[in-house]
Amino acid sequence: MTGRLILMFLVMIIYMWVPVMTSVAVDYFGSKRVPHVCYLTCGSKINNKNQVHDLIRKGIRVSMQLIDRNDAEIKKNLQQWLSPVGVLLQWDCDGSGVVLETASRATLFDSVHMWLILENEISSETSETSSLDVLRRLNLSVDADVVVAVDKGVQYDLIDVFNFGKIQGNDLEKKYMGTWSPGEGLNVSLSGFKYYDRWDFHNLTLRAISVILDRPKVFKPEMLSDLGYTVGVSVMTKIVTQQLWVLKEIHNFRFNYTIAGRWIGSPERNSTLAVTNSLYWGEQDISCTCARIFTQWLDWVDVFFPPATRLETKFYYLILDRGVGDYENRFLTPLSAGVWLCTIIACVACTVILAISAYLEAREEPGLYAAFSVFAVICQQAYEDGVQLFEEATSSQGRRLILLVVGLMSMLLYNYYTSSVVSWLLNAAAPTLADMDALINSDLELVFEDIGYTRGWLDNPGFFYYSGYKNPKEDYLRMRKVTMAKRTTPLLQTAAAGIDLIRSGDYAYHTEPYTAYQVLSKTFEDKELCELGSLQMMSPAHVYIMAQKRSPYKQFFVWSLMRLLERGHTSAVRARVSGFMPTCSGRTPRALALGQAAPAFAILAQVALFSLLILLCEIFWHRVQGRKQVGSTLNNREHNAQEVRTGTDSRGA
């Protein structure tokens with residue numbers, strides 16, 4: 001009889017407890033707006049039917065798993081990474097500890113899986129371990145969404161359980177959320193975004209990996225964040241470091257740095273250390289740098305949004321001044337020594353020719369006449385020495401009118417020519433390499449900055465890192481100008497050495513604009529900056545901070561980086577780190593490209609040929625008229641002589 005009474009009493013307790021448990025789950029998951037709940041329980045399915053029906057009536061889809069019989073399907077049912085899933089676990093079941101350990105190995109304590117563990121205070125005191133004891137030794141992190149509901153008899157106490165980083169050595173964190181009671185329902189204080197309640201990371205140490213081209217013997221974290229240029233440290237690394245250090249100060253965590261030489265590396269074990277493979281192997285938590293991401297790399301790492309900055313690369317070289325065809329040779333630089341020399345030579349030649357002509361015309365002092373005439377032409381004036389030749393005795397107003405018209409026409413043609421040249425100089429593009437084909441056909445020898453992504457591009461034919469898509473020209477450029485090219489200097493150069501090679505005019509150096517300008521601003525003069533050309537190799541592409549695949553810190557850092565972007569920290573860091581970009585002042589005149597002024601020179605050549613043709617015609621006409629005049633004179637003389645003879649004969653007769 002006593003046994004029957006005890007059994008009936010236990011049945012009544014279970015009957016009273018089941019609706020309470022169901023109400024806690026319904027209110028909690030309803031407040032979380034969870035579309036699907038996986039109910040992990042034990043006992044008879046009939047006894048759990050009421051709980052399932054209450055959740056369904058709330059509009060929540062439910063799948064039930066009996067954990068005291070078979071736990072093989074637990075991981076399969078919970079392994080959902082795209083949409084939120086609620087997990088309702090009844091701790092009194094025999095297999096509840098196995099469920100938590102299985103979930104820990106499968107990394108199911110994340111932001112997507114929302115756990116509610118129902119535990120009776122009386123049963124936890126009599127059992128060897130409570131749910132909190134088990135959770136303390138499991139792999140929880142800062143993104144865990146685990147709540148333990150402890151039955152106190154009249155109400156449930158809700159405890160938020162997480163860990164800032166179990167792998168990093170931190171202890172279990174417990175925060176009192178609130179209560180649930182049958183009369184008042186759910187009463188919780190942690191109703192906002194969970195990271196507002198997990199603001200202080202308690203000096204958590206995150207494992208961070210960054211990139212320096214030549215790993216220094218003595219590393220100082222300030223090398224990654226200094227505003228000035230640091231040899232071997234990319235500008236995108238400095239920008240990321242500045243952003244992460246803002247978050248580090250706000251949320252009280254720190255970094256333990258590992259330095260690598262490359263961003264991208266093979267995911268196979270025992271391969272060269274790089275940022276991606278160290279994250280893929282789980283040796284690091286976050287990258288204190290960023291990289292351009294391709295689709296296949298997303299199988300290795302996760303990326304944080306928004307992008308930290310943009311990466312671009314260019315070939316830098318001096319504008320070419322020799323060769324033919326695509327080079328558009330420079331003809332003369334305005335006001336340069338060559339221009340003055342050509343002017344002096346032309347003036348001397350004109351003076352000599354005019355002096356010879358004046359001598360043949362029997363002018364007095366032909367040398368002075370020629371010198372002053374040329375000087376007058378330079379000053380756009382006329383010169384007359386006052387000497388009248390016998391041919392000019394018949395000078396008339398028509399002659400002066402002709403000279404006036406010719407002078408006006410010459411002035412108009414001169415103005416047209418100069419204005420045409422100036423307009424081409426102002427409107428036309430600088431005579432630089434237009435595309436990759438021009439670079440391939442040039443005589444420039446290519447040298448590259450010694451940096452990780454360049455090594456990857458050189459070592460992997462068919463890897464179109466700069467274009468971002470399949471581009472046969474990249475392979476052809478690599479084969480023609482790198483693999484099969486005859487080299488006079490090493491292929492990989494530091495920034496200082498590469499920029500110095502540009503000065504010779506025989507090399508094109510590939511690097512980032514930030515790196516190039518940090519050296520150019522200190523070594524190049526204004527004239528050299530005006531002669532500097534560049535060819536875009538990699539168009540500006542977004543680069544992202546990386547972390548482990550399904551990183552527990554992804555949600556936190558995405559949220560934090562978005563806050564920095566909204567508050568202007570991101571744009572301020574980019575402007576602060578970008579540095580000074582020197583440009584041509586414009587005071588140094590730019591060289592005139594022969595190809596750009598070709599129409600003007602063509603017109604000048606045509607007019608010169610036409611004037612030569614007119615001169616030949618005048619000479620021919622003058623000779624013809626001279627012969628006619630000579631013939632007429634002879635005829636007249638013969639006629640006069642004949643008349644004289646006739647008259648003499650008549651007088652004699």
For the range 274-315: of the residues being in contact with a Gly (Cβ under 7 Å, 6 or more places away or on another chain) and not β-branched (Val, Ile, Thr), which is farthest from Ser141 (Cα to Cα)? Ala274
Which condition number does Thr258 fail, the rest of (1) touching a Phe, Trp or Tyr at 6+ places or on another chain (Cβ under 8 Å); (2) assigned to a strand (DSSP E or B); (3) within 30 Å of Asn170 (Cα to Cα); (4) open to solvent by 40 Å² or more (accessible area, probe 1.4 Å) being met? (1)
Hey, can you tell me all the residues within the range 197-220 that are open to solvent by 40 Å² or more (accessible area, probe 1.4 Å) and among the aliphatic types (A, V, I, L, M)? Leu213, Val218
Name, by its number, the condition in (1) outside any helix (DSSP H, G or I); (2) closer than 26 Å to Ala496 by Cα; (3) in contact with a helix residue (DSSP H, G or I) (Cβ under 7 Å, 6 or more places away or on another chain); (4) open to solvent by 30 Å² or more (accessible area, probe 1.4 Å) that does not hold for Gly228. (3)
Filter result for Gln548 (at pLDDT 90 or above, open to solvent by less than 60 Å² (accessible area, probe 1.4 Å) and over 23 Å from the mean Cα position of the chain (by Cα)): yes
What tally of residues in the range 558-583 results from selecting those that are assigned to a helix (DSSP H, G or I) and open to solvent by 60 Å² or more (accessible area, probe 1.4 Å)? 8
Odd one out for Ile264, checked against (1) touching a residue at least 24 places away in the same chain (Cβ under 8 Å); (2) assigned to a helix (DSSP H, G or I): (2)
Cβ contacts < 7 Å: first residue free of Cβ contacts under 8 Å to residues at least 24 places away in the same chain, restricted to the range 232-260; second residue charged (D, E, K, R), any location; separation 6+ or different chain. Result? Gly232/Asp214; Lys248/Arg254
Yes/no for Gln555 being part of a helix (DSSP H, G or I), more than 23 Å from the chain's Cα centre (by Cα), among the polar types (S, T, N, Q) and under 21 Å from Cys290 (Cα atoms): yes
Given the structure, is Asp27 at pLDDT 75 or above and within 22 Å of Asp160 (Cβ to Cβ)? yes
When you scan the range 140-148, do you find a residue that is open to solvent by 30 Å² or more (accessible area, probe 1.4 Å) and either modelled with pLDDT under 95 or more than 24 Å from Lys248 (Cα to Cα) (or both), even just one? no
When you go through Ala485, Ala496 one by one, which is the residue that is within 25 Å of Leu444 (Cα to Cα), touching an Asp or Glu at 6+ places or on another chain (Cβ under 8 Å) and surrounded by fewer than 16 Cβ atoms within 10 Å (Cβ to Cβ)? Ala485
Could you list, in sequence order, all residues of the range 506-521 that are under 21 Å from Ser442 (Cβ atoms) and surrounded by fewer than 16 Cβ atoms within 10 Å (Cβ to Cβ)? Asp506
Check the range 470-477 and report whether any residue there is in a helix (DSSP H, G or I), of a type outside the set (Asp, Glu) and either touching a Ser or Thr at 6+ places or on another chain (Cβ under 6 Å) or open to solvent by less than 50 Å² (accessible area, probe 1.4 Å) (or both). yes
Residues of the range 367-383 being in contact with a helix residue (DSSP H, G or I) (Cβ under 9 Å, 6 or more places away or on another chain) and modelled with pLDDT under 80, in sequence order, are Tyr369, Ala370, Ser373, Val374, Phe375, Val377, Ile378, Gln380, Gln381, Ala382, Tyr383
Criterion violated by Leu82 - all others in (1) closer than 29 Å to Glu101 by Cβ; (2) surrounded by 12 or more Cβ atoms within 10 Å (Cβ to Cβ); (3) at pLDDT below 85 satisfied: (2)
Taking the range 25-46 on its own, how many of its residues are outside any loop (DSSP other than H, G, I, E, B) and open to solvent by 60 Å² or more (accessible area, probe 1.4 Å)? 2
Could you run through the range 441-469 and say how many residues are under 27 Å from Thr295 (Cβ atoms) and either part of a loop (DSSP other than H, G, I, E, B) or open to solvent by 10 Å² or more (accessible area, probe 1.4 Å) (or both)? 16
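The values are calculated or read from the model by the stated rules, or taken from the named source; none is laboratory data. Note that the structure is a prediction, hence the values are computed from the model and not measured. Counting neighbours? That spans all protein chains shown, and the Cβs are built from the backbone with ideal geometry, glycine included. Note: accessible area is taken over every heavy atom of the protein model, side chains too, but ligands, DNA and RNA are not part of it. Shrake-Rupley method; radii C 1.70, N 1.55, O 1.52, S 1.80 Å.
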